[in-house]
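Colleague: Please read through the structure below; I'll follow up with questions.
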Amino acid sequence: MEIGEIVTNPELLNVTDECPFEHDLPDPPTVNNNLVGKGGQLATNMNNGSSTNLYGPFAPPENAKVKWGKLPQKDVNHAFGKERADKGRCLTVKFDDGTSKSFPVSCSAHHLVPSQESLKDHDLLQYMCKKGGGKDQNHGYAQGKVWSDVGYDTNGSENGVYLPGTYAVGGGRGGLNVWYAQDDDDDEEHDEGYLDSEKAPPAEYQGFELKGKRGEIALENPCWQYVAQAIRKAPGQFHDRHVSYSEDVVQSALTAIWKTYKEKDVLVNPDGCSECKDRMDKINKHGLPAPYSVVLRLQHLSGKLRTFLTAGPGSWRLNVYTSEWCLQYMQAVKRGGAARKVAEAFEPPQGG
C-alpha cells in the first residue's frame, strides 16, 4: 500500500445487505448510550479495557477485552516514559547555530470516531437513540427512531488511540512553552500546545524554542524534526488540527452506515424489510427495533482508522491524517524528488 492512495468507505465498513434491525427480542431491553467524549475517561478505558459496547449480549468477556495499556509517557517501557532514566527527554533537535537539545514528548488519548466533531447530531443517531428520549437521554438528541438506545460508549477502548502531539513542549498545562509553529493562520484559536505569552519556558530551555513554519517538511525546521521523531517513536501520526479527518473521512463513513439503515427503515421506505413490516403496530408504538449491531460496525470503523493512524508512513492514506504535518509529508513523498531527504527526517538526528 503506497502513500497517496485515497481510503474509501467500502474499505472502512463491514456493512451487509441484511436488515440491521433486531427481530428476535420480544421487548426493548434497558440500555443507554454514552455519547460525550472525554479524553481522560478514554485513556482510563483504553488501559482497563472497558468496551464501547454497553449492551450485554455484545459486550466482550473479561478475557477478550481490548486493552491498549497506559499512556506512553506513563509507561516505563515506552520511549516516552517519564520514569525512564532520561525522563522522557528523548527527541534531539538540531538548531541552525550548531547546538542541539533534547526535548520530552507525550501522547494523548484520542477518539478514532470523534464524538463531538463527527458523531454529534449526525443522522446515524436516529438509529442509535431511543425514540422520545429527548433531553433526558443522549445529551439532548431528540430525533431517535428506535425502541431503545443501542448501548454505545464513545469512550470505550475500541474507539481510542494514543497519538503524539505538542503537549510536552507547548504552552498548555505541564508543557515547556517552547513550541511555536508559525503559519498563515496565527490568529486562529489553536489546540493546546502553542506558546503562552504570559508563561516563560524553564531556564534550561530558554533560547531553545521550537520555531518554524507549520507544515514545512524540511530537515532544518526544528518543529519538523520534533514531529518526525515523535511519529517514528510513538508510533503514530502527529495530532493537532484534524477537521478534514473528522468531517470528510469519519462523517462520510457514518453517513454510509446511516444510508444502509434508511434503506431498511419501513417508516420511510415501503420496500423496507418484510420482517419489520410484520410488526408495524409495535414499531409505531415503540419505534424501530434497535440495530444493536451498529456498535460492532462502529468498532470495525475505529479499527480500520487505527490502522491508518498508527501504521508506518508507508501505510498512510492521503485523506486520512490528524495533522497538517502528516498531509504535507505524504504530498512531498507523492511529488517525488526530495522524498528521500524528507524520509530521512524520520531518523533521529545524529550527535547532540
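The values are calculated or read from the model by the stated rules, or taken from the named source; none is laboratory data. If you're wondering where the values come from, they're calculated on a predicted model, not measured in any experiment. Cβ atoms come from the backbone with ideal geometry, glycine included; neighbour counts cover every protein chain shown.
Colleague: Inside the range 214-243, can you point out the residues that are among the aliphatic types (A, V, I, L, M) and in contact with a helix residue (DSSP H, G or I) (Cβ under 9 Å, 6 or more places away or on another chain)?
Modeller: 217, 218, 219, 227, 228, 231, 234, 243
Colleague: Okay, next question. Taking the conditions exactly as written (outside any loop (DSSP other than H, G, I, E, B) and in contact (Cβ under 8 Å) with a residue 12 or more places away in the chain), does residue 70 satisfy them or not?
Modeller: no
Colleague: State whether one or more residues within the range 8-16 are within 28 Å of residue 167 (Cα to Cα) and assigned to a loop (DSSP other than H, G, I, E, B).
Modeller: Checked the range 8-16: no residue is within 28 Å of residue 167 (Cα to Cα) and assigned to a loop (DSSP other than H, G, I, E, B).
Colleague: So, residue 106, is that one of a type in the set (Gly, Ala, Ser) and buried (at least 19 other Cβ atoms within 10 Å of the Cβ) or not?
Modeller: For residue 106, the condition - of a type in the set (Gly, Ala, Ser) and buried (at least 19 other Cβ atoms within 10 Å of the Cβ) - is met.
Colleague: While we're on this one: Does any residue in the range 236-264 that is within 25 Å of residue 68 (Cα to Cα) come within less than 8 Å, Cβ to Cβ, of a residue that is small (Gly, Ala, Ser) and surrounded by fewer than 17 Cβ atoms within 10 Å (Cβ to Cβ) six or more places away or on a different chain, and which pairs are these?
Modeller: Listed pairs, sorted by first residue: none to list.
Colleague: I'm trying to understand the selection: among the residues of the range 155-169, which are within 9 Å of the chain's Cα centre (by Cα) and either of a type in the set (D, E, K, R) or not in a helix (DSSP H, G or I) (or both)?
Modeller: Those that are within 9 Å of the chain's Cα centre (by Cα) and either of a type in the set (D, E, K, R) or not in a helix (DSSP H, G or I) (or both): 160, 161, 162, 163.
Colleague: Six or more apart or on different chains, Cβ under 9 Å: which pairs go from a residue in the range 170-188 that's β-branched (Val, Ile, Thr) and crowded, with 22+ Cβ neighbours inside 10 Å to one that's assigned to a loop (DSSP other than H, G, I, E, B) and at pLDDT 80 or above? Could you list them?
Modeller: 178/169; 178/170; 178/171; 178/201; 178/202; 178/206; 178/208; 178/209
Colleague: Residues of the range 143-159 being surrounded by fewer than 24 Cβ atoms within 10 Å (Cβ to Cβ) and among the polar types (S, T, N, Q), which ones?
Modeller: 143
Colleague: Still on this structure, I have one more. Among residues belonging to the range 224-268 that are β-branched (Val, Ile, Thr) and not in a helix (DSSP H, G or I), point out the one that is nearest to residue 281 (Cα to Cα).
Modeller: My answer is 266.
Colleague: Considering only the range 85-102, I want to know if a residue exists there that is among the basic types (Lys, Arg), surrounded by fewer than 23 Cβ atoms within 10 Å (Cβ to Cβ) and in a loop (DSSP other than H, G, I, E, B).
Modeller: Within the range 85-102 (the criterion being among the basic types (Lys, Arg), surrounded by fewer than 23 Cβ atoms within 10 Å (Cβ to Cβ) and in a loop (DSSP other than H, G, I, E, B)), the answer is yes, since at least one residue qualifies.
Colleague: Anything in the range 24-64 that is surrounded by fewer than 13 Cβ atoms within 10 Å (Cβ to Cβ), part of a helix (DSSP H, G or I) and either touching a His at 6+ places or on another chain (Cβ under 6 Å) or at pLDDT below 95 (or both)? List them, or say none.
Modeller: Passing the criteria: 56, 57, 62, 63, 64.
Colleague: Being touching a residue at least 40 places away in the same chain (Cβ under 8 Å) and more than 23 Å from residue 65 (Cβ to Cβ) is the filter here; which residues of the range 284-300 pass it?
Modeller: Within the range 284-300, 286, 287, 288, 289, 290, 291 meet the criteria.
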